Amino acid sequence: MAVFEHFQNLYDIRLKPRLLRSLIRDRVPDEKHPFSKPSELSIVVSAVKNHGLLSESSREAVDPKHMENWKSSIDAWIERLLLLVSSKMPDKCWAGICLLGLTCQECSSDRFLASYSVWFQKLLAQIQPPSDSHFVKVASCASLADLFTRLSGFSNIKKDVTSHAGKLIQPVLKLLTDDSSGAVWEGAVDLLCSIINFFPSSVHRHYESVEAAIVSKIMSGKCDSNISKKFVHCLALLPRSKGDEDSWSLMLQKILISINVDLNDAFQGLEEAETKSNEVIKHLVPPGKEPPPPLGGNKMQGETSNQATEMSEQLILHRISMLMLCCCRMLTNPYPAQVIVPVRPLLVLVGRVLMVDGSLSQSLLPFLTVMQREFICSELPLLHLCGLDLLTGIIKRVRSQLLPHAADVVRLLTEYFRRCALPALRVKVYSILRILLISMGVGMAQYLAQEVVSNALVDLDSIAHGCGEASSTPCSKAASEGLLLPSYRKRKHGTITGFSEEQQGGVGTEMEAVKGKPITPIAVQTAALQALEALLTVGGALRSECWRQNVDLLLITVATNASNGGWANEEKDIFLLSDEPTSTRTDFQLAALRALLASLLSPARVRPPYLSQGLELFRRGKQETGTKVAEFCAHALLALEVLMHPRALPLVNFPSGDHPDFGQGFNCKFPKNIFSSGLKNNSPFPRGILGKDEIEPESNDDELYSSWLGNDEETEASASIPDKHLESRQELSEKDGRLSTEDHQAEKHPSDLPAGAQFPKEGDRGATDAAHMETGGIKDSIMAQSERVQEIIPNNDVRLQDKDVMVPTGDLTANVVEPNKGKIESSGSDSSKATPALSSEINNKVLMAAADANALPSDQGSLLTTSIVIEKGKKLVLEYNSDASKDSFPDIVDGEPDSD
Amino acid sequence: MEVVIASSPVDAGIGCWDLHSGAEQLRYRSCTSTPHGLACVGQRFLASSQLRDSSSSSGSILYWSWSKPQVEVKSFPAEPIHPLVSNSDGMYIIGGGSSGAIYFWEVASGRLLKRWHAHYRAVTCLFLSDDESLLVSGAEDGCIRVWSLFMVFDDIGMEMAKNPYEYSFSEHTLRVTDMVSGYGGCNAIIVSASEDRTCKVWSLSRGKLLRSIDFPSIIEAVALDPGEHVFYAGARDGKIYIASINAETTSSNSYGKHIIGTLSDNSKGVTCLAFSKDGILLVSGSEDGTIRVWDAKTHNIVRIYRLAKGPVNNVLVVRRPLYSNRQTSENSHSSFSRRHAPLLPPPLGKYVNSTDENVDSGAVSVPQTPSSDIMDAPYLSYHVLTKQISELQQQSSAATGMEVDRLNLDCKRSVEIVQKWKEMFAYLHKFCVDELLGNDQTQTQ
């Protein structure tokens, strides 16, 4: 030790034995000197951990002499520890045990394997009777748990270790039953959990006694909630020690029956206990089968029945919530065997709990005292929370197999949601809705949309209208209208004015509750935003028209208001945080931004109305360096970039003669396309900056999106727009004023109509989309855009209205097809022959009809192949021209060919 | 391991080849599959609906496990089943019957959960949307319907709804031969092919026809490029046409509008198509009994497998779990595979069992290996140590207990020492006294 050795730096291997020796000398207690400062130990631990003093390994090759030196120093360390563990002084013994636990984690594998059984014996002795210090017992439990955790990494000695672990079960159970200290219970149950986790078969023989011991602890209600939860966790793990299907099912069955019995006691007079309970039992135990033994074995049964008389409500409710937690854990923990989850009884049980709201059952005479009822009511929220947790567990476990039960779950949830008013519960319900939406997809979204939206609107109302003093009358009026959901229109106007005022009003408008309305806690608002985000993520496109507009507006308003007070300081939040996870302002802002992004990205038919406001928000948020908000905003900007420049990228550059043609098409299109392509070329951004023209001729990929829904020929984009104006003139003559500028265009094109309006439905929409995309593409030249926006707005209105117009056309197109089929079938010839014949026949008609449409660059071939479609288009146009056109197909109105 | 599996309407078994090495794996025997009647259920086993002679009224669905060539489970549904699909985790099998009914089975229990009348004529193809909440079915009469599975199971909602389906498309005039859906959940597109020589592109979110493309021949199979730039249409004339989905193309070539190229090697008609997971290799089955693997980038054939003399009518590219790849001769391994590849589920039920309420309460959950637990298992002793140290410093009751113990022991030891000292003192005292007295005595003597 006295030898002075050089070492180069911090990382030198020669440093480690020196450090270790000085730790042993100065910090680790020994037999002779009293051990006065236990805090020294934490210094030892951190030194050992930081420097890896026990690892006996080095990244580069080292002189064996140095290694030998290190090894001997570790030998000395372990010798000292073993000495300490056998010490009579409890504090020194305790120190030795703790450091031995640390050694189990840190030492090299070889050393660990060589000596773990010695250490095990030493530690085992410490949890057995002669030692009586709690500290020592707890520390030995922890060290033993670490020993087994480390051992779980070595699969080759599993048998040996299992037998070691088996020896441990009895002493641990003894700790549980004999000892009275919570800390010892905790240590023991932790140890038991790690053994069940890693060496399940060692518990197999003691299964019943372990179950009995744990259940009695849970049922007694003597330990605090934290330790109770550990017991519950252990009970949920226990079936794994057998690892077969039966023990898992049996355990769950026993627990459910036990909960059911307790619920009967707890809900006396609040529900029709008999029927509900019978329902659960009926599903759990098929008629004719023996009910399983009670939870915890028969001995427990005797005890509980004795206690039942004096059992307080408090205890019953505690037991119910703990057992429900246990069910939840059993469902969410992975299990090695295939098991059958009794979904139906679980759902019935959850429903039973959630449906009790403290009101007296009508058919029963009230024989509850007011005190009892008061107590039940005070504890119900906790019980409901457990019920919701259990529901979450069920959903997580059965995944896609929830499908047959999904409708029940949704009905239960929506009914509960309507009544549920407590913040914590609402947060939970929102989170379940979120899980359901994400896991079950769009089908679920259709079911839940209305519920989520209407609840979220209520919960976010105070923020959406949080105008405070800055608000003038329309705003608060809108707020008061907020609760009356169906009044969409009024509400919309109200919020729009409120919103714009807010924009002007600036920073001073903090969230303040509008007078007379309760303030919704921030956690609920966050949860509501997250649920909306999930809804938009999975179901933004399908049948969302009725709520989409409202939600988009709500989200931009909330996000703007949330950021108005400045971005929250995360560090501050951290310091303010108490132990329990609370929802902070940062979370809220993040949730608002996430929901906004979802609203912008969720598929829509027009450009998201609040795109530029949203972008502005994200740009601002990105400047908050080093915060989560900034991270998310950067991500959002990236995601939105694709919205700006949609791409449909080819796998390869398709070789073929298409491209020159296309280029020509583009060039010759230019003078014609007064509206859309003129706009395109005015803007320097997409083409000039990106310079795609030079690089790849198929740069039209950028615009593919715009043409996606529309038609294919270049001219149609241009033709269909006047076409639309034409329609709008016909259908909405009152809007003519604004459109008059385009009249001359519209008049120029009527001759194109038959060919141009191949898909009036699509062409229409596609063109509008195209227009939107174009304006989106040149966002930088906003000034030029303003008048176009005006043009687009009436188009939007047209769209809404022309749905009515379109409905008959759908039928019509279907009908148009039918005669073709009839012909084919009647002619009895091969369909492949019939179709061209037919199409050429139609083709002739079309050519006649479109005789003066020479401007079209389409050749015969393309006309031929799309002729049926053109036919449809023509019929459609006919319909516009004369209402009687529909009457010309009187025989084929019935669209179902084989209706018998 | 990514494998190509293929089956044929003549009894040539189900062929299975490693997509990348080309090596043929096990051939599963006695399968005469219907078109679209081959499915890999949750990567666990293969299922195929069988062609039956017209005399038999019931259908037949067979299961093969990965490791055995023989049929392991036979089920006989109430009527012949044509197309067969399974959801991605293999919990459900959905089949379309020749009467137009759709059957919905739970795989693990074999129960027929639902049967509903979907079409007037036989169902020809089925697929599930991205999020597996929508089912799309095509029928012989050209009708395509979109079902919300959720709605199908909601009896109450079903009564209130106007139509049991979400959409019904009737633009195809003849039998629907194949359908494929793109990416994007409810906003996806569907491409359908029909004997009326068209392929149609539909929007799922809006329930509308987006594009209709005419082909020179009947299209039997479609496959969608993963980037959804184009789709591939396998035709009866032996060509695979490449048609653009959304690009504006003028037709300069001889095939027709929107068709921008072909893959062709002058073979017989193409009957089925499938994309590999990397989105580059396209697998096609042909009427001449061969399966070709194309490189979609270069348009070259990469590989040809031979299944049978007769036509191929199903190809799938699936990921096969690795364990079944190894030989089961080793003792240790066979136990391993037995544990991880549970026995095949029971046969599928014939009728919906509505009377027996108690049976339908379970959901089978697949075994999960708690392997991740070992990785993130925390070591306890450090936390216990820090907690105990802080307890010691705060002089809590447990800590004082230990302190008292320590003091007691100290005290005992001190008492012992005192005792020793006392003895020694007494001895010395005695000694001294004795000495003194002895001296006195000697002096007095």
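The values are calculated or read from the model by the stated rules, or taken from the named source; none is laboratory data. No experiment lies behind these values; they were computed from the predicted model shown. Glycine gets a Cβ as well: all are built from the backbone with ideal geometry, and neighbour counts include every protein chain shown.
Tally time: how many residues in the stretch B:21-47 are under 20 Å from residue B:273 (Cβ atoms) and over 21 Å from the mean Cα position of the chain (by Cα)?
Total satisfying the criteria: 5.
Filter the stretch A:142-153 down to the residues that are buried (at least 24 other Cβ atoms within 10 Å of the Cβ) and at the interface with chain B (Cβ under 8 Å from one of its Cβ atoms) and list them by number.
Matches in the stretch A:142-153: A:142, A:143, A:145, A:146.
Would you check if residue B:342 is modelled with pLDDT under 60 and under 29 Å from residue B:11 (Cα atoms)?
The answer is yes for residue B:342.
Can you confirm whether the stretch B:349-370 contains a residue that is in a helix (DSSP H, G or I) and either at pLDDT 70 or above or at the interface with chain A (Cβ under 8 Å from one of its Cβ atoms) (or both)?
Yes, that holds for at least one residue.
Answer yes if at least one residue in the stretch B:220-239 is modelled with pLDDT under 95, at the interface with chain A (Cβ under 7 Å from one of its Cβ atoms), within 21 Å of residue B:125 (Cα to Cα) and part of a strand (DSSP E or B), and no otherwise.
Scanning the stretch B:220-239, I find no residue that is modelled with pLDDT under 95, at the interface with chain A (Cβ under 7 Å from one of its Cβ atoms), within 21 Å of residue B:125 (Cα to Cα) and part of a strand (DSSP E or B), so the answer is no.
Within the stretch B:138-169, count every residue that is surrounded by 20 or more Cβ atoms within 10 Å (Cβ to Cβ) and polar (S, T, N, Q).
Looking only at that region, the number is 1.
In the stretch B:187-219, which residue that is over 24 Å from residue B:299 (Cα atoms) and not in a strand (DSSP E or B) is nearest to the chain's Cα centre (by Cα)?
B:188
Quick one: residue A:97 ticks every box in (1) assigned to a helix (DSSP H, G or I); (2) under 42 Å from the mean Cα position of the chain (by Cα) except a single one, so which number is it?
Only one criterion in (1) assigned to a helix (DSSP H, G or I); (2) under 42 Å from the mean Cα position of the chain (by Cα) is unmet by residue A:97, namely (2).
If we scan the stretch A:401-412, do we find a residue that is polar (S, T, N, Q) and crowded, with 18+ Cβ neighbours inside 10 Å?
Checked against the condition, which is being polar (S, T, N, Q) and crowded, with 18+ Cβ neighbours inside 10 Å, the stretch A:401-412 yields at least one hit.
Which of the residues that make up the stretch A:612-636 are surrounded by 17 or more Cβ atoms within 10 Å (Cβ to Cβ) and within 26 Å of residue A:544 (Cβ to Cβ)?
Across the stretch A:612-636, the qualifying residues are A:613, A:614, A:615, A:617, A:618, A:632, A:633, A:636.
Determine, yes or no, whether residue B:88 is part of a loop (DSSP other than H, G, I, E, B) and under 25 Å from residue A:401 (Cα atoms).
In short, yes.
Which of the residues spanning the stretch A:420-455 are more than 14 Å from residue A:410 (Cα to Cα), in a helix (DSSP H, G or I) and not aliphatic (A, V, I, L, M)?
Those that are more than 14 Å from residue A:410 (Cα to Cα), in a helix (DSSP H, G or I) and not aliphatic (A, V, I, L, M): A:423, A:426, A:428, A:454, A:455.
Can you name every residue in the stretch A:190-211 that is within 30 Å of residue A:114 (Cβ to Cβ), more than 11 Å from chain B (Cβ to nearest Cβ) and in a helix (DSSP H, G or I)?
Passing the criteria: A:192, A:195, A:201, A:202, A:203, A:204, A:205, A:206.
Here is a yes/no grid of residues against (1) modelled with pLDDT under 95; (2) out of contact with any strand residue (DSSP E or B) (no Cβ under 8 Å at 6 or more places or on another chain); (3) farther than 24 Å from residue B:228 by Cβ:
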| site | (1), (2), (3) |
| --- | --- |
| B:153 | yes, no, yes |
| B:160 | yes, yes, yes |
| B:173 | yes, no, yes |
| B:183 | yes, yes, no |
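When the stretch B:251-294 is examined, which residues are found to be out of contact with any strand residue (DSSP E or B) (no Cβ under 8 Å at 6 or more places or on another chain) and of a type in the set (Gly, Ala, Ser)?
B:252, B:254, B:279
Please determine whether any residue of the stretch A:581-589 is closer than 25 Å to residue A:549 by Cβ and modelled with pLDDT under 90.
No.
For residue A:133, all conditions in the list (1) within 14 Å of chain B (Cβ to nearest Cβ); (2) among the hydroxyl-bearing types (Ser, Thr, Tyr); (3) under 18 Å from residue A:104 (Cβ atoms) hold save one; what is the number of the exception?
Of (1) within 14 Å of chain B (Cβ to nearest Cβ); (2) among the hydroxyl-bearing types (Ser, Thr, Tyr); (3) under 18 Å from residue A:104 (Cβ atoms), only one is false for residue A:133: (3).
Regarding the stretch A:48-70, can at least one residue be identified that is free of Cβ contacts under 8 Å to residues at least 12 places away in the same chain, within 14 Å of chain B (Cβ to nearest Cβ) and of a type in the set (S, T, N, Q)?
yes
Among the residues in the stretch B:119-128, are any within 12 Å of chain A (Cβ to nearest Cβ) and in contact (Cβ under 8 Å) with a residue 40 or more places away in the chain?
yes
Mind checking which residues of the stretch A:626-641 are modelled with pLDDT of 90 or more and more than 22 Å from the chain's Cα centre (by Cα)?
A:641, the sole residue that qualifies.
Between a first residue in the stretch B:67-88 that is under 23 Å from residue B:15 (Cβ atoms) and a second residue that is in a loop (DSSP other than H, G, I, E, B) and basic (Lys, Arg), which pairs have beta carbons less than 6 Å apart while being 6 or more apart in sequence or on different chains?
That search, which allows pairs on different chains as well, returns B:69/B:29.
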